[in-house]
1. Out of R475, R512, R453, which single residue is of a type in the set (K, R), under 15 Å from the mean Cα position of the chain (by Cα) and closer than 24 Å to K382 by Cβ?
2. With the checklist (1) of a type in the set (G, A, S); (2) open to solvent by 20 Å² or more (accessible area, probe 1.4 Å); (3) out of contact with any helix residue (DSSP H, G or I) (no Cβ under 8 Å at 6 or more places or on another chain) in hand, flag the one item G90 doesn't pass.
3. Going by the structure shown, is T254 touching a residue at least 12 places away in the same chain (Cβ under 8 Å), in contact with a helix residue (DSSP H, G or I) (Cβ under 8 Å, 6 or more places away or on another chain) and not aliphatic (A, V, I, L, M)?
4. Show the residue pairs meeting these rules: Cβ distance below 6 Å; 6+ apart or different chains; first residue within region 263-277 and in a helix (DSSP H, G or I); second residue of a type in the set (K, R).
5. Working only within region 226-242, note down all residues that are over 28 Å from the mean Cα position of the chain (by Cα) and part of a loop (DSSP other than H, G, I, E, B).
6. Test R378 against the criterion of being within 15 Å of the ligand (Cβ to nearest atom), under 30 Å from D471 (Cβ atoms) and either modelled with pLDDT of 95 or more or not charged (D, E, K, R) (or both), and give yes or no.
7. Return yes when G331 is open to solvent by 10 Å² or more (accessible area, probe 1.4 Å) and either within 16 Å of the ligand (Cβ to nearest atom) or among the aliphatic types (A, V, I, L, M) (or both) and no when it is not.
8. Return the residue satisfying two criteria in turn: it lies in region 178-187 and is modelled with pLDDT of 85 or more and open to solvent by 70 Å² or more (accessible area, probe 1.4 Å), and of such residues it is farthest from R446 (Cα to Cα).
Amino acid sequence: MKAFPRAAPLAVAGLLAASAFAGEAVDLAAIQRIKAEAFRNSKVMDHAFWLTDVFGPRLTNSPGHRKAGAWAVTRMQEMGLANARQEPWGPFGRSWTYSHYEGHLIEPAYSSLVGFPLAWTRGTDGPVTGEPVYALLETEADLEKWHGKLRGRIVLVDPPKPQPLLSSPLSHRFSEAELQEEAMAPEPGVVPCREFRLGAFGGPCPVLSPADAARRRAFRRKMQAYLAEGAAVILQTGTGASTGGTVFGMSFGTADVNDPETPCTIGLTPEDYNRIVRLLDQSVPVKAAFDVKAGFLPPADSFNVTAEIPGGRLKDEVVMVGAHLDSWATGTGATDDAAGSAIAMEAMRILKASGLRLDRTVRIGLWAAEEQNLGGSRAYVKQHFADPQTMAVTKEHDRFSAYFNLDQGGGRIRGAYLQGNDAARPALEAWVAPFRDLGMSMVTIRDQSADNRSFDEVGLPSFQFLQDDLDYGTRTWHTNMDVYDRLQKGDMMQAAAIVASFVYQAANRDERMPRKPLPRPAAPAPPPAASPR
Ligand SMILES: [Zn+2]
């Protein structure tokens, strides 16, 4: 077990002084039962298996997403949960799916080309064979140079991606020093970056000015319009850490029916992509062939999945746990976010199977369209609690206690984000204590934004867990390698035990969780669009 760093006692004392919050009761007998159920009878990897290996990728409203939604309802009914159902919301826009991909390098020497179509792009309408053209489209001048010359062509639009020697480990567990740093509040006056990883441990967010952001959007629209004039196939290589056969790639079009349909766009591994660019650069004749069956699905409403364990003496009050059921269309969305969905479902199973008394009602939410501006959870919050644009709140809003979100990959839980809610600190610090010897040692005032943000926007207490990165940033996040094999069973079991325990404590504590002041009505939310996160 040496891969799991054990917290040094001194470091833990520095991170967490639980005795300072002795007022928060912790039901250690219940936690013992939760741990026993979680570690002896775990089903968490079985939930994950169905969501990934069986249903495949789960782009919102795609066949895989809908099958996974139906399965989740049935499985939670089998667990004995009440009111397991799909709750419709909409409109979502059009969905997208693909059923066939072939890519071949034919000349100068045969090779299969490892890749996949990017979401919301068309198929090829039969096999396409030809000489690729390298048309870097990075500036307005590039667009003018290639305007009208790409019809019927296989077009490479990205610069080649250098592949330096990998000299650091591909996966990472947070050190106590890193957790210490993350436990500190951000420097006043510095807006911490909300983005994955940077937000966790980096400095200020690189902010794009509204004018620059608008310019970037306009350029991208123009590039897509030019390509839509007739390119047969667009080749891209992944963003970020794409290397070693791993492609970080999401979409090259959107769910919005008013946006143009983008031609067939394929994310190739950087190694295959770079080879084609080198060959063209040396004027060696190249022939490539692609055949993709992909297509848009008509606009439709979407759904969230919910289920409950009814509470006892405070049954009208609600504690929620959740994750997003949807994923990108690459890989099988294992760490993003079948892992969170499986952990949340397993937490519900543990609570039900252990027979523990729950004062408040506990409800799970498996959201759609997290990857499209938190579409599902925002719709749910609006349906049940409050419209962030008016901040007119419902009775359910009054009776809500807390929401716990899981969307940081499948790594073991090391801490909890307070999401700026200082008043919740004593409770969360007390709940962390029984899990120190399982690697959880801190809470932080910082925030990590995912579906929990939808609750935060209407002033409801919401929390996210800090999970070990593992290979989320290097191998799995929005990649073709986000698959079941990247999930770590021990980590998933640890996370389910902790989540069940936190939900149990929140459901049974005397008071509902303390709240931040109610936010002011917000500016209109952006429409669902195929943007990352
Ligand atoms: Zn996610």
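1. On the way: R475 fails: closer than 24 Å to K382 by Cβ; R512 fails: under 15 Å from the mean Cα position of the chain (by Cα).
Exactly one residue qualifies, and that residue is R453.
2. That leaves (3) as the condition not met.
3. Values: touching a residue at least 12 places away in the same chain (Cβ under 8 Å): yes; in contact with a helix residue (DSSP H, G or I) (Cβ under 8 Å, 6 or more places away or on another chain): no; not aliphatic (A, V, I, L, M): yes.
Judged against the criteria, T254 is not a match.
4. Matching pairs, first to second residue: P270/K161.
5. Filtering region 226-242 down to residues over 28 Å from the mean Cα position of the chain (by Cα) leaves 226-233.
If the condition is that a residue be over 28 Å from the mean Cα position of the chain (by Cα) and part of a loop (DSSP other than H, G, I, E, B), then E229, G230, A231, A232 are the ones that fit.
6. So R378 passes the test.
7. Yes: the conditions hold for G331.
8. Selected residue: E181.
The values are calculated or read from the model by the stated rules, or taken from the named source; none is laboratory data. What you see is a predicted model; the values in this text were computed from it and never measured. Ideal geometry is used to build each Cβ from the backbone, glycine not excepted, and the neighbour counts take in all protein chains shown. All accessible areas refer to the heavy atoms of the entire protein, side chains included, with ligands and DNA or RNA removed. Shrake-Rupley method; radii C 1.70, N 1.55, O 1.52, S 1.80 Å.
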